[in-house]
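The values are calculated or read from the model by the stated rules, or taken from the named source; none is laboratory data. As the structure is a prediction and not an experimental result, all values here were calculated from the model. So basically every Cβ, Gly included, is an ideal-geometry build from the backbone, and we count neighbours across all protein chains shown.
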Amino acid sequence: MDARAGYTFLLPWLLGFIALTVGPMISSLYLSFTNYNLFDPPKWIGLDNYTTLFQDERFLQSVGVTVGYVVFGTPLKLAAALAVAMLLNSKRRGQGFYRSAFYAPSLIGASVSIAIVWKAMFGDSGPVDQGLSFFGINLGGWVGNPSMTMPMFILLTVWQFGAPMVIFLAGLKQIPNDLYEAASMDGAGPVRKFFNITWPMLSPVIFFNLLMETIHAFQIFASAYIISNGEGGPAGSTLFYTLYLYLRGFSDFRMGYASAMAWLLVIVVGIITLIFFRTSKSWVHYSGDAK
Amino acid sequence: MINRRHFLTTVAVGTASAAALAACGAGSSSSGETGTAEKPVTINYTWWGNDDRAERTRKAIALFESKNPDIKVNGNFTDFAGYWQKRATEAAGGGLPDVMQWDLSYLRDYGQRNQLLDLGTVKINTDAFEKSLLPSGQIKGKTYGIPTSTNAFAVYYDPAKLASLGIAEPDGSWTYKEFNDFLTEVGTKSNSALFGSTDYTGVWWMFNIWLRQNNIEAFTEDGKLGFTKDDMKKWWNTTAGLRGTPAIVSEERVTQLAPKSPFGSNVTATEVTWDNFMAGYLGDSGAKELKLVPVPSDDPDNLGLFLKPSMLMVASAKTKYKDAAARFIDFMVNDPEVGQIFKTSRGVPASKTQRDGTTFEGTDKLVVDYEKSIEQYLKDAPEPPIVGFGTLEASFKRVSSDLNYGKLTIDGAADAWFKEAEDLIKQNA
């Protein structure tokens, strides 16, 4: 009886989930084995799309760009989030204001307008160029320089540390204060306290944030699309995985190929998630564990 | 505190799935649904362009609605690159707008795949068109697009800038070497304050013109490439000595300035492109006057030039309002008042009725005069290029840009482009 009521209430969501998520995913799985140009009926070609991928230089380039972004951007973002969360965890006046102020960029950061602002800021003679020139560093505009676009994107993601910060803050508040007091009595300094109390006590939250942010980073699209005019330039330096997927599907009419790319991404992200969970046992501590 | 179960149940798997949902279009009678003044039908019209064109189009639509009270036109526009991605999405869902501005590069992609209405089946008057121009909107005997206007390739320059550098104005009869020397002179005399031009070898249509100057057609009749890798390398070598010198603006600058062109931003003295960009360049650069001369050629009798339909009007194959769509297209291509509104901003009007009904003054007259001055050199307009040509044109631009960034050698660039082209031709075969 209870179960039936439960499913009844779940039904609207479940229908949406099946029609809008599961259905399209299954059809994209099918399409990934076909040659489909949006107009003619899909032609079954087996694994061809998947094998072609690895001979496609642009594809390999997009993998390189994306992995670089994930590997450098995610840890930096989390470090910034944790550092600010610890600063905001102390009892001072106006903490509510600071929390909101630091959180705001993550609300608007993914928007189109911010990408446009970012592009203007990092362009030739933009504020960033001028600011650096003041200190004698003449890099010119970052937007047109293939070796400076990645640092720009990493800065953009680090700046949006608000969401993981709020979660870190919640986690920090859960750590009982007596642990720190006891450590102080034993003469532990701030560094020691951080590594022996904060880090292990916070490790589930760190794990959660790391997982979510990594998955999130793999999916970067909007800002790359806008800053590079939808082309992934200059010289392919912002050709992120999802951007190339989109170009393949909607500019080149290679929907089968794009679907194969999408599924490869799902599989790879799935494997990474699995590895995270497996390795987490050695460094993530949950309360109640005998450790 | 946090316990394990809490966490492990929060499993998140990110997915990026591109899904295409097929929808079905509605069938319709031969002329489609029609409206009355009391109960007008509404057709959707979409185009690409800047604010200037949007303003002119709004005027044209208002005029059309006042003359045709039984039809309302709902207009919508984006920039060129986003335009095609949007159309692809709509076509996949069966929801293309009723009437669309179209580009020759994409005519086969949609025409051959039955997405566009055969305009031979509706009433559109083409009596006032040059007979040599109409085939560019036709595929296998069916008319999918009506040209609104023509454009031709030209070299733009700003006479005031040349005068300030003490450089004589070009007369347009020049070889590639003379043109290159001219670009170098601009860059050197201005001490790099003004570059000669962008790397014109990165423009597909200029490559196409160069091929024609050498009596090579870019594509064969059966949809294959008509030129070789060596032709392409030779072409990119034309400016090999200029890259990285003040003759050519750096690719870094070009990227930063986008979507504005270096010429429109007063960074270069010349630009090689379509003659209907005049109005846009004047607006962007604020120059008092810009002039047009023919492109360089090593054969003074063969400039490889042609008139291309700068844009076409097409209708969706699935439109419910065929009659209304046809009347709107007819109006846009033939009506003299529409010519007065657009002048040469779409190109020189293709229909004689519209051309004769338009007064061209100032810079508009320059564009019309330019097309008249090259009349003796003009060859037939190319047929609609191969399926997927839009992609090839984009990758030509991209590979050329990589070349200018020094990421690819000329050999590497040619290899990369040919690999993509051959792959694409195989895909669509």
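Which one is farthest from the chain's Cα centre (by Cα), of the residues in the stretch B:192-213 that are touching a residue at least 24 places away in the same chain (Cβ under 8 Å) and assigned to a loop (DSSP other than H, G, I, E, B)? Lay out the reasoning, then the answer.
Just the residues of the stretch B:192-213 that are touching a residue at least 24 places away in the same chain (Cβ under 8 Å), to begin with: B:192, B:194-213.
Filter once more, so that each one left must be assigned to a loop (DSSP other than H, G, I, E, B): B:192, B:194, B:196, B:198-199, B:203.
On the way: B:192: 30, B:194: 27, B:196: 23, B:198: 18, B:199: 18, B:203: 11 Å.
Per the stated criteria, the residue is B:192.
Do we have any residue at all in the stretch A:12-23 that's more than 30 Å from the chain's Cα centre (by Cα), at pLDDT below 95 and hydrophobic (A, V, I, L, M, F, W, C)? Don't jump to the end; show me each part of the working.
Taking the stretch A:12-23 and keeping what is more than 30 Å from the chain's Cα centre (by Cα), we get none.
No, the stretch A:12-23 has no match at all.
What helices (runs of 4 or more DSSP H) completely inside the stretch A:138-215 contain at least 3 residues that are within 14 Å of chain B (Cβ to nearest Cβ)?
Numbers: elements: A:149-159, A:162-174, A:177-185, A:190-193.
Filter on the stretch A:138-215 gives A:162-174, A:177-185.
Can residue B:239 be described as modelled with pLDDT of 90 or more, among the β-branched types (Val, Ile, Thr) and crowded, with 20+ Cβ neighbours inside 10 Å? Outline the logic, then answer.
On the way: modelled with pLDDT of 90 or more: yes; among the β-branched types (Val, Ile, Thr): yes; crowded, with 20+ Cβ neighbours inside 10 Å: yes.
The answer is yes for residue B:239.
What about residue A:251, is it at the interface with chain B (Cβ under 7 Å from one of its Cβ atoms), crowded, with 24+ Cβ neighbours inside 10 Å and of a type in the set (Ser, Thr, Tyr)?
Working: at the interface with chain B (Cβ under 7 Å from one of its Cβ atoms): yes; crowded, with 24+ Cβ neighbours inside 10 Å: no; of a type in the set (Ser, Thr, Tyr): yes.
Answer is no for this residue.
Can you tell me how many residues in the stretch A:222-240 are aliphatic (A, V, I, L, M) and facing another protein chain (nearest Cβ under 9 Å)? Spell out the reasoning first.
Residues of the stretch A:222-240 that are aliphatic (A, V, I, L, M), as a first pass: A:222, A:224, A:226-227, A:235, A:239.
Still in the running and facing another protein chain (nearest Cβ under 9 Å): A:235.
Counting residues in the stretch A:222-240 that are aliphatic (A, V, I, L, M) and facing another protein chain (nearest Cβ under 9 Å) gives 1.
Residue-by-condition table, conditions (1) under 19 Å from the mean Cα position of the chain (by Cα); (2) farther than 17 Å from residue B:371 by Cβ; (3) in contact (Cβ under 8 Å) with a residue 12 or more places away in the chain; (4) in the same structural domain as residue B:53 (by TED's automatic domain parsing):
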position	(1), (2), (3), (4)
B:264	yes, yes, yes, no
B:268	no, yes, yes, no
B:271	yes, yes, yes, no
B:274	yes, no, yes, no
B:281	yes, no, yes, no
B:285	no, yes, yes, no
B:290	no, no, yes, no
B:293	no, no, yes, no
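Output the residue which, of all residues in the stretch A:254-291 that are surrounded by fewer than 17 Cβ atoms within 10 Å (Cβ to Cβ) and of a type in the set (S, T, N, Q), is nearest to the other protein chains (Cβ to nearest Cβ). Lay out the reasoning, then the answer.
Of the stretch A:254-291, the ones surrounded by fewer than 17 Cβ atoms within 10 Å (Cβ to Cβ) are A:267-268, A:270-272, A:274-279, A:281-283, A:287-291.
In the following step, the residues that additionally are of a type in the set (S, T, N, Q) were identified as A:279, A:282, A:287.
Details: A:279: 14, A:282: 14, A:287: 4 Å.
Applying the filter and picking the extreme gives A:287.
Mind checking which residues of the stretch A:135-154 are of a type outside the set (Ser, Thr, Tyr) and buried (at least 17 other Cβ atoms within 10 Å of the Cβ)? Working first, answer last.
Step one: filter the stretch A:135-154 for residues of a type outside the set (Ser, Thr, Tyr), giving A:135-146, A:148, A:150-154.
Those that are of a type outside the set (Ser, Thr, Tyr) and buried (at least 17 other Cβ atoms within 10 Å of the Cβ): A:140, A:141, A:142, A:143, A:144, A:145, A:146, A:148, A:150, A:152, A:153, A:154.
Being within 14 Å of another protein chain (Cβ to nearest Cβ) and not acidic (Asp, Glu) is the requirement here; does residue B:247 meet it?
On the way: within 14 Å of another protein chain (Cβ to nearest Cβ): no; not acidic (Asp, Glu): yes.
So residue B:247 does not fit the description; no.
Among (1) more than 11 Å from chain B (Cβ to nearest Cβ); (2) not in a helix (DSSP H, G or I), there is one condition residue A:41 misses while meeting the rest; what is its number?
Condition not satisfied by residue A:41: (1).
For (1) touching a strand residue (DSSP E or B) at 6+ places or on another chain (Cβ under 7 Å); (2) within 14 Å of chain A (Cβ to nearest Cβ); (3) surrounded by fewer than 24 Cβ atoms within 10 Å (Cβ to Cβ); (4) without any contact (Cβ under 8 Å) to a residue 24 or more places away in the chain, each residue gets a yes or a no:
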{"position": "B:95", "(1), (2), (3), (4)": "no, yes, yes, no"}
{"position": "B:99", "(1), (2), (3), (4)": "yes, no, no, no"}
{"position": "B:122", "(1), (2), (3), (4)": "no, no, yes, no"}
{"position": "B:135", "(1), (2), (3), (4)": "no, no, yes, no"}
{"position": "B:139", "(1), (2), (3), (4)": "no, no, yes, no"}
{"position": "B:147", "(1), (2), (3), (4)": "yes, no, no, no"}
{"position": "B:155", "(1), (2), (3), (4)": "yes, no, yes, no"}
{"position": "B:161", "(1), (2), (3), (4)": "no, no, yes, no"}
{"position": "B:171", "(1), (2), (3), (4)": "yes, no, yes, no"}
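Quick test of your reading of the structure: residue B:386 fulfils all but one of (1) under 19 Å from the mean Cα position of the chain (by Cα); (2) at pLDDT 90 or above; (3) of a type in the set (A, V, I, L, M, F, W, C). Name the failing condition by number.
(2)
Can you find, within the stretch B:355-372, the residue that is modelled with the lowest pLDDT among those that are of a type outside the set (D, E, K, R) and surrounded by fewer than 14 Cβ atoms within 10 Å (Cβ to Cβ)?
As a first pass, look at the stretch B:355-372 and keep what is of a type outside the set (D, E, K, R): B:357-360, B:362-363, B:366-368, B:370.
From what is left, the residues that are surrounded by fewer than 14 Cβ atoms within 10 Å (Cβ to Cβ) are B:359, B:362.
On the way: B:359: 92, B:362: 85.
The qualifying residue modelled with the lowest pLDDT is B:362.
Kindly indicate which of A:51, A:34, A:66 is more than 26 Å from the chain's Cα centre (by Cα), more than 10 Å from chain B (Cβ to nearest Cβ) and closer than 27 Å to residue A:237 by Cα. Walk me through it before giving the result.
Values: A:34 fails: closer than 27 Å to residue A:237 by Cα; A:66 fails: more than 26 Å from the chain's Cα centre (by Cα).
Answer to the selection: A:51.
Please go through the stretch B:153-165 and pick out each residue that is assigned to a helix (DSSP H, G or I) and among the β-branched types (Val, Ile, Thr). Talk me through it step by step, then tell me what you get.
Going residue by residue through the stretch B:153-165, those that are assigned to a helix (DSSP H, G or I) are B:159-165.
Matches in the stretch B:153-165: none.
Given (1) surrounded by fewer than 18 Cβ atoms within 10 Å (Cβ to Cβ); (2) at the interface with chain B (Cβ under 9 Å from one of its Cβ atoms); (3) out of contact with any helix residue (DSSP H, G or I) (no Cβ under 8 Å at 6 or more places or on another chain), identify the lone condition not met by residue A:219.
Exception for residue A:219: condition (3).
Select, from A:135, A:102, A:97, A:122, the only residue that is among the hydrophobic types (A, V, I, L, M, F, W, C), in contact with a Gly (Cβ under 8 Å, 6 or more places away or on another chain) and over 23 Å from residue A:239 (Cα atoms).
Numbers: A:135 fails: in contact with a Gly (Cβ under 8 Å, 6 or more places away or on another chain); A:97 fails: in contact with a Gly (Cβ under 8 Å, 6 or more places away or on another chain); A:122 fails: over 23 Å from residue A:239 (Cα atoms).
So the residue among A:135, A:102, A:97, A:122 that is among the hydrophobic types (A, V, I, L, M, F, W, C), in contact with a Gly (Cβ under 8 Å, 6 or more places away or on another chain) and over 23 Å from residue A:239 (Cα atoms) is A:102.
List the pairs whose first member sits in the stretch A:258-285 and is within 18 Å of residue A:60 (Cα to Cα), whose second member is among the basic types (Lys, Arg) and at pLDDT below 95, and whose Cβ atoms are under 6 Å apart, counting only residues at least 6 apart or on separate chains?
Close Cβ pairs satisfying both conditions: A:258/A:248.
Among the residues of the stretch B:319-329, are any within 20 Å of the chain's Cα centre (by Cα) and not acidic (Asp, Glu)? Lay out the reasoning, then the answer.
Quick first cut of the stretch B:319-329, residues within 20 Å of the chain's Cα centre (by Cα) only: B:329.
Among the residues that remain, those that are also not acidic (Asp, Glu) are: B:329.
Within the stretch B:319-329 (the criterion being within 20 Å of the chain's Cα centre (by Cα) and not acidic (Asp, Glu)), the answer is yes, since at least one residue qualifies.
What single numbered condition from (1) modelled with pLDDT of 80 or more; (2) over 30 Å from residue B:387 (Cα atoms); (3) touching a helix residue (DSSP H, G or I) at 6+ places or on another chain (Cβ under 7 Å) fails to hold for residue B:14?
For residue B:14, the failing item is (1).
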